[in-house]
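Undergrad: Have a look at this one before I ask anything.
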Amino acid sequence: MFSIQNNQHDSSYLSLVSNVGPFNEFIDEYDPNEAFNTLSNARVLVIGAGGLGCEILKDLALTGFKKIDIIDADTIEVSNLNRQFLFRSGDVGRPKAEVAAEFVKRKSMGKNLSIVSHYCRIQDKPQSFYKQFDVVICGLDSVEARRWINATLVSLVDSNLNGLIPMIDGGTEGFRGQSRVILPTVTSCYECTLDMITPKTTYPVCTIANTPRLPEHCVEWASVLEWPRRFPGKKFDPDLSEHLDWMYETAHRRAIHFKIDGVTKELTLGVVKNIIPAIASTNAIIAASCCNEAFKYVTSSNPILNNYMMYSGDYSIFTYTYSHARKPNCPVCGNHPKTIKVPGSWDLRDFIEHIKEKHDISIGTPSLATATKQLYFRSPPSLEEFTRKNLGRKLSELLDDNEEVIVSDPKLPISLRLLVKLE
Amino acid sequence: MLKIRQLQKKKQDEDASLQSNAKDDKIAVSNNSTSAARVSAAQLRLQKDLTELDLPKSIKVNFTNPSNIFNFVLSIVPQEGFYKMGLFKFTVEINENFPIDPPKIRCMQKIYHPNIDLDGNICLNILREDWSPVLNLNSVIIGLNFLFLEPNPNDPLNKEAANVLAKNKNVFASNVKVAMRGGSVDGERYDRVI
Ligand SMILES: [Zn+2]
């Protein structure tokens, strides 16, 4: 019997966990009380407090999640106010994560809701930070950040699938979007599907140099060709207004010269920052889908998305769900690090022989490196020469205990990853 | 979160059935690492690309700081064509978003070439609009080498050079010779590369 006394706030979704529905996958083990407790105690990390992140945070709070963390390194800008509805003009300049957390908490009084905000880059947090969560939901607009969190979550899983934290990833572009559930090392990961990413729109250098026709060509001319010519070695920062002003004025002059209309400050910013058009309604659809997946996963009330849903609303409406296959040679999830125990007194050459024997790398010598050091590179010749001296050095001099070593060889479809324990 | 338990159980059963025919294996599968630095996806891919480089002797890759494989200098000595025996150097910069972002390549010298401007910008489709993660470092370097074997007057970055190439190959060839020795062409002085 489902016996929890609930307040009004929770009533809307309770029947979803209190009854065992026809699609429940775990009829024998499912316990409504446990499902409710898990929902109240599950720790969810929301990455990104932008358009999608604000929606996700609101949806989570309204569907019974009580322990939420949100992380974002951005501060609020005036241009965010139109669709990032948790922010008001008085918040401009403050950290997005902090303001979003305060707003949702204030709106949901009496619900024992804890929202902890983190105003930093995701890369600034250690692995131990990510280990605390039961599920991670991403509302990011950056490929780089997604790749990073994906690789981090993959690295937390061991061979018995302990440490597995699902990554629910949402993304939108205009009227289109997608949501997906990644079970690291079990389903396809973000890196497995890298080839599907639409690359940033770029134009041939010769076109922007000689025959500009579009306002974008003028902005690219200013940023790709003129900026390095005028300020060699200086990095362009689109968040600095004097940099952006220079870019806009330079692009604008170019546009006048070639009689091209449409170079505005907004367009300039859009091109240099590669801003993808976003609308609140698509964000709402995708955020809702992500949060429903989190709810179903945490409560075990219904099967979760397997594993990719695309939504297309630009021409009629079309959604399509399919199971994206894992890429066997995915550099991130295709080769999970293996622990190898070897004597620290071995030199690198002994170690290489040992690996070659173990992994049938019969011809030549593979390349080996750690995150910070090239141990041995078989090619190009200049690196081979530089790293050759390491072949005779002891492992204990070259490696820290438990350091990850990457082994690459043309014979191997993917690089091997070894965690080397020194004895 | 019963899903995880279900997956773990399934994994155990699979492992158990594998166990019977597994040979003795010193390589145990890991618990997660505690080591601080983790190898990034970009580094994994770059290491693979470098290991698989298959270049003729006339193309060399040199590292100013060999402990940083993300930045290096490429030198090309064309074996035939207008630029035969010149020594052309390029900086190659790879960022943490590789292979989503292409390698950034610039010519270090001021050279007379229809597809390379006086600042070292290069017009090569696979370095920009036609780049794809499916391409690798080798294909980019071979593509760059090809620009010296077959300069293309249709994608000009140095318009004067492109016009001369389109109109009169003999004049173009002699202009290239002058420029490669460090001389001036149309009032512009070029770097000596020979
Ligand atoms: Zn993968």
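Undergrad: Just need a number here: residues in region A:192-205 that are more than 16 Å from the ligand (Cβ to nearest atom) and within 27 Å of the chain's Cα centre (by Cα).
TA: Selection size over region A:192-205: 6.
One line per residue, one yes/no per condition, for (1) more than 12 Å from every other protein chain (Cβ to nearest Cβ); (2) open to solvent by 10 Å² or more (accessible area, probe 1.4 Å):
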| position | (1), (2) |
| --- | --- |
| B:Leu50 | no, no |
| B:Val77 | yes, yes |
| B:Val92 | no, no |
| B:Asn97 | no, yes |
| B:Pro103 | yes, no |
| B:Met108 | yes, yes |
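Undergrad: Take the residues of region A:166-190 that are buried (at least 22 other Cβ atoms within 10 Å of the Cβ) and farther than 13 Å from A:Tyr308 by Cα: which is farthest from the other protein chains (Cβ to nearest Cβ)?
TA: Filtering region A:166-190 for residues that are buried (at least 22 other Cβ atoms within 10 Å of the Cβ) and farther than 13 Å from A:Tyr308 by Cα, the one farthest from the other protein chains (Cβ to nearest Cβ) comes out as A:Thr172.
Undergrad: Working only within region A:206-226, note down all residues that are touching a helix residue (DSSP H, G or I) at 6+ places or on another chain (Cβ under 7 Å) and either within 16 Å of the ligand (Cβ to nearest atom) or without any contact (Cβ under 8 Å) to a residue 24 or more places away in the chain (or both).
TA: Of the residues in region A:206-226, the ones touching a helix residue (DSSP H, G or I) at 6+ places or on another chain (Cβ under 7 Å) are A:207-210, A:212, A:215-226.
Across region A:206-226, the qualifying residues are A:Thr207, A:Ile208, A:Ala209, A:Asn210, A:Val224, A:Leu225.
Undergrad: Does region A:339-362 contain any residue that is in contact (Cβ under 8 Å) with a residue 40 or more places away in the chain and within 16 Å of the ligand (Cβ to nearest atom)?
TA: Scanning region A:339-362, I find no residue that is in contact (Cβ under 8 Å) with a residue 40 or more places away in the chain and within 16 Å of the ligand (Cβ to nearest atom), so the answer is no.
Undergrad: Against the condition open to solvent by less than 80 Å² (accessible area, probe 1.4 Å), over 30 Å from B:Leu2 (Cβ atoms) and within 11 Å of chain B (Cβ to nearest Cβ), how does A:Pro380 come out, does it pass?
TA: For A:Pro380, the condition - open to solvent by less than 80 Å² (accessible area, probe 1.4 Å), over 30 Å from B:Leu2 (Cβ atoms) and within 11 Å of chain B (Cβ to nearest Cβ) - is met.
Undergrad: Quick check on region A:194-216. Is at least one of its residues assigned to a helix (DSSP H, G or I), under 23 Å from A:Ile285 (Cα atoms), within 11 Å of chain B (Cβ to nearest Cβ) and at pLDDT below 95? I'd like the intermediate steps shown before the answer.
TA: Within region A:194-216, the first condition is being assigned to a helix (DSSP H, G or I), and the residues that meet it are A:194-196, A:205-210, A:215-216.
Subsequent filtering for residues that are under 23 Å from A:Ile285 (Cα atoms) retains A:196.
If we keep only those that are within 11 Å of chain B (Cβ to nearest Cβ) too, we end up with A:196.
Cutting the leftovers down to at pLDDT below 95 gives us A:196.
Within region A:194-216 (the criterion being assigned to a helix (DSSP H, G or I), under 23 Å from A:Ile285 (Cα atoms), within 11 Å of chain B (Cβ to nearest Cβ) and at pLDDT below 95), the answer is yes, since at least one residue qualifies.
Undergrad: So in region A:297-324, with the set limited to residues that are open to solvent by 40 Å² or more (accessible area, probe 1.4 Å) and within 19 Å of the chain's Cα centre (by Cα), which one is farthest from the ligand (Cβ to nearest atom)?
TA: Only one residue tops the list, namely A:Met310.
Undergrad: Restricting to region A:399-416, and then to whatever is more than 7 Å from every other protein chain (Cβ to nearest Cβ) and surrounded by fewer than 21 Cβ atoms within 10 Å (Cβ to Cβ), can you tell me which residue is nearest to B:Lys57 (Cα to Cα)?
TA: Pass one, region A:399-416, residues more than 7 Å from every other protein chain (Cβ to nearest Cβ): A:399, A:401, A:405, A:407, A:411-414, A:416.
Of the ones still in play, those that are also surrounded by fewer than 21 Cβ atoms within 10 Å (Cβ to Cβ) are A:401, A:411-414.
Details: A:Asp401: 39, A:Lys411: 22, A:Leu412: 24, A:Pro413: 26, A:Ile414: 27 Å.
Filtering first and then ranking leaves A:Lys411.
Undergrad: Within region B:115-194, which helices (runs of 4 or more DSSP H) (wholly inside it) include 1 or more residues that are in contact (Cβ under 8 Å) with a residue 24 or more places away in the chain and under 30 Å from A:Asp195 (Cβ atoms)?
TA: B:137-149
The values are calculated or read from the model by the stated rules, or taken from the named source; none is laboratory data. No experiment lies behind these values; they were computed from the predicted model shown. Here the Cβ is made from the backbone with ideal geometry for all residues, glycine too, and neighbour counts use every protein chain on show. These accessible areas exclude ligands, DNA and RNA; they are computed on the full protein's heavy atoms, side chains included. Shrake-Rupley method; radii C 1.70, N 1.55, O 1.52, S 1.80 Å.
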